[in-house]
Structure formats: C-alpha cells, structure tokens
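Report on one structure; see the data block that follows.
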Amino acid sequence: MEEIKFNQVGVSFKGSGSYVPDQILTNQEISQKVDTSHEWIKSRTGISERRISSLGDNVTEMGYEAALSAIEMANWDIKTIDLIILATSTPHDLFGSAPSIQAKLGAYNAVAYDLTAACSGFLFALITASQFLKGGLFKRAIVIGADQLSSFVDWNDRRSCILFGDGAGALAIEATNEFDNFIGFDMRTDGERGSYLNLPSKNNKDSIIDNIEFLTGGFSSIQMNGQEVYKFAVKEVPIIIEKLFRKTNYNSDQIDWLVLHQANQRILDSVGDRLKIPREKILSNLGKYGNTSAATIPLVMDEAIKNNRIKQNDIIATSGFGAGLSWGAALIKWG
Ligand code: ACO
C-alpha cells in the first residue's frame with residue numbers, strides 16, 4: 001500500500017456520463033412473449049420500455065462509453081485518473097472488466113477493479129472511492145455502474161422479465177482540501193434475506209479423469225420473490241435515509257433531489273411519501289429504461305445533470321438497494 005500522498009478533506013463531483021444500447025423492447029413486445037400487457041406492467045411498475053444489449057454491446061463497452069463521457073465533462077487529462085471502480089454483477093469477463101475499461105480509456109496510471117453488490121453496487125462503489133479520496137491515497141476517481149441483466153433474465157418468467165434492462169452510468173469524483181461535498185453515508189447487508197433475489201451459479205457434474213470430479217461453471221437466471229423485495233425496499237430505504245439525515249443534521253426540506261435506485265415507480269413514490277419529499281423532487285427515468293441494476297443511479301443523475309435539472313450545490317439524497325439483500329444511502333452536494 002502506498003503512503004498518503006495528499007492532504008485532503010473532502011470530495012467534489014466533477015462529471016457524469018451514461019450509455020444505453022439502441023435496441024428498445026416495449027411492453028407490447030414483451031406481451032408477445034409472455035402473458036402480460038402494457039397496462040399491467042405500466043400500472044404495477046411505471047415501466048414502458050427498456051434497452052436490450054445488441055450482440056456488440058457488453059458491460060465493458062457500455063462502461064467505457066459512460067466513463068469517457070464523465071471524463072469529458074470533468075475535462076480531465078485521462079492520465080491523471082488514479083482509480084476506476086466498476087460496479088457490476090454481469091461483467092464481460094468474470095475475472096474483472098474494469099481493467100479492460102482502463103485500457104480502452106488509456107488511463108495507464110489508474111488502478112481498476114470490479115465491485116459486485118447488485119443494485120446497491122454503484123452506491124457501494126461511490127462510497128468506497130470516496131473513502132480512498134478522503135484518505136489521501138488517490139485524487140481522481142471514476143465510478144461506473146454497468147449491467148447487462150438481459151443475458152440473465154428468464155424471458156419466460158413474467159414476474160421478473162418485465163423489470164430489467166441494460167445500461168451504464170458513471171461519475172467523476174475528485175479529492176479536495178477546501179470543502180466536502182460527500183456529506184455522509186450508510187450501508188447495510190442482510191444475507192439472511194438473500195434468497196429473495198438471486199442470480200445463482202448453475203453447475204454440472206463432469207470429470208477430469210476417473211475419480212476426479214469437478215463442477216462446470218455457469219449461471220442460472222434471475223430468481224426473485226417480487227413481493228418480499230418490494231416490502232424490503234419500502235421499509236428499509238426510508239429508515240436508512242432518515243438515519244442519515246439525523247447523523248448529518250439534515251432534513252427532508254433541505255433535499256433538492258431524491259435519487260433512488262430505479263426499481264419500480266411505486267417504490268419511488270412510497271419512499272418519497274414516507275420521507276415527505278414531494279414527487280417533483282424524485283428523479284425517475286425507469287419508464288424508458290426499467291431497472292438497469294448498478295447503472296440506474298448514475299444513469300438518472302446524468303440525465304438530470306445534462307438537462308440542467310441538477311445544478312451546482314444541489315443537495316441530493318440517494319439510495320441503492322437490492323440483492324444481497326443490500327442497501328445503502330448517501331447525502332451529497334453536486335459540484
Ligand atoms: N403480467 C400480468 N400479471 C402478472 C405479471 C405480469 N407481468 N406478473 C405477475 N402477475 C400476476 C401474478 O401472477 C398475480 O396473480 P394472482 O393474484 O392471480 O396470483 C398478480 O399479478 C399479482 O402479483 P404480485 O406479485 O402480487 O404483483 P405486485 O403488485 O407485487 O408486482 C412486481 C410485482 C412488479 C414484481 C413487484 O412486486 C416489484 O416491483 N417488486 C420489487 C422487485 C424488484 O425491484 N426487484 C429488483 C431489485 S434490484 C436488484 O438487486 C436487481
């Protein structure tokens with residue numbers, strides 16, 4: 001481990017980027033495959049359509065595009081980037097996809113690695129990167145959330161296939177010794193409830209030579225108890241955000257934007273109601289993209305930043321939640 005290089009007190013947010021595949025799958029099209037309808041999906045989830053990776057897309061490509069766009073907005077020399085964390089559950093390479101993104105970017109001075117925490121992944125990666133920056137080890141970091149769940153959805157399971165889509169988002173964050181725009185965070189996991197949402201391995205028995213057996217590697221499809229995940233989200237997310245408000249001496253009235261993992265519009269509305277945050281302050285783009293797992297938070301933030309909705313010094317309460325079970329929250333000031 002290197003020694004502390006910088007005398008830093010905080011983190012500032014310098015850029016955002018995102019990428020979605022071109023291919024669109026509408027609710028009407030899904031209803032040609034399974035017994036469902038646009039009306040059912042829209043009213044129960046808020047989703048109208050989602051993006052599906054084409055044959056040329058993968059997490060490395062999508063993550064690279066999102067990272068490049070965030071770097072351009074930050075106006076950084078790529079060689080000054082110290083750290084790249086890719087949050088994903090669907091890497092193009094199971095050994096890790098972040099180093100491939102590093103190479104494509106030409107970020108030769110960065111260390112790059114993957115982090116897996118399903119739909120909480122981006123938030124956990126952002127918290128991890130911020131701690132490196134505040135600790136004085138690194139100055140500039142790119143945090144990417146990218147997932148290609150379409151490869152792991154059971155397209156015959158109407159209870160889950162309606163929810164998910166593919167995409168990527170990224171934020172560029174920098175250490176500073178003047179102020180701290182990473183106001184506070186909290187993170188939790190509960191493996192006891194892990195069986196509510198899984199993407200389990202699927203192994204077949206084979207043998208190398210007589211008497212030496214082994215299991216082939218592979219994965220099953222997403223298995224989800226939707227009602228339990230729903231109940232978990234609407235209970236735990238308000239609790240962790242309220243706890244964070246108390247810890248940081250903030251309250252709901254001071255929040256400009258609530259940026260939640262885009263799982264279901266009903267979850268977003270319910271959490272907003274519990275926190276007494278009005279609907280117009282809750283960012284939502286899941287109508288267009290569905291649940292893109294680790295990508296949702298930077299994807300919806302990038303859209304709001306580029307549309308000039310999120311402005312310099314806006315206060316954002318954000319929360320990621322999902323498989324694990326895992327959940328977390330952060331309070332940040334944009335800029
Ligand atoms: N079309 C039509 N009917 C359907 C469909 C569908 N696509 N899916 C389920 N139904 C039926 C069910 O069979 C059930 O019928 P029944 O009453 O005759 O048995 C009825 O609709 C109601 O089913 P519920 O499961 O109670 O529906 P619910 O209102 O809970 O909505 C949903 C289901 C949308 C999955 C919801 O529970 C949800 O969003 N849960 C959260 C899931 C989630 O966010 N997962 C990702 C987390 S993030 C991560 O880590 C990846």
Out of all the residues in region 115-126, is one or more modelled with pLDDT under 95 and either touching a Ser or Thr at 6+ places or on another chain (Cβ under 9 Å) or small (G, A, S) (or both)? no
From the list S69, S48, exactly one residue is within 19 Å of M301 (Cβ to Cβ) and either open to solvent by less than 20 Å² (accessible area, probe 1.4 Å) or touching a residue at least 60 places away in the same chain (Cβ under 8 Å) (or both). Which is it? S69
Given (1) part of a loop (DSSP other than H, G, I, E, B); (2) more than 29 Å from D22 (Cα to Cα); (3) touching a residue at least 60 places away in the same chain (Cβ under 8 Å), N203 misses just (3)
Filter region 167-191 for residues that are under 21 Å from A233 (Cα atoms) and within 16 Å of the ligand (Cβ to nearest atom) and give the result. M187, R188, T189, D190, G191
If S221 passes every condition in (1) open to solvent by 70 Å² or more (accessible area, probe 1.4 Å); (2) part of a loop (DSSP other than H, G, I, E, B) but one, which one does it miss? (1)
Looking only at region 135-155, decide whether some residue is within 15 Å of the ligand (Cβ to nearest atom), closer than 17 Å to N198 by Cα, in contact with a Lys or Arg (Cβ under 9 Å, 6 or more places away or on another chain) and open to solvent by less than 10 Å² (accessible area, probe 1.4 Å). no
Residues of region 164-191 satisfying the condition of being within 19 Å of V259 (Cβ to Cβ) and either touching a Cys at 6+ places or on another chain (Cβ under 7 Å) or among the small types (G, A, S) (or both): G165, G167, A168, G169, A170, A172, G184
How many residues of region 15-45 are outside any helix (DSSP H, G or I) and either among the β-branched types (V, I, T) or buried (at least 18 other Cβ atoms within 10 Å of the Cβ) (or both)? The answer is 12
Among (1) among the hydroxyl-bearing types (S, T, Y); (2) open to solvent by 10 Å² or more (accessible area, probe 1.4 Å); (3) more than 20 Å from A330 (Cα to Cα); (4) in contact with a strand residue (DSSP E or B) (Cβ under 8 Å, 6 or more places away or on another chain), which single condition is S97 missing? (2)
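The values are calculated or read from the model by the stated rules, or taken from the named source; none is laboratory data. What you see is a predicted model, and the numbers here were worked out from it, not measured in a lab. When we count neighbours, we look across all protein chains shown, and the Cβ atoms used for this are built from the backbone with ideal geometry, even at glycine. When the accessible area is computed, the model is the full protein with side chains, heavy atoms only, and any ligands, DNA or RNA have been set aside. Shrake-Rupley method; radii C 1.70, N 1.55, O 1.52, S 1.80 Å.
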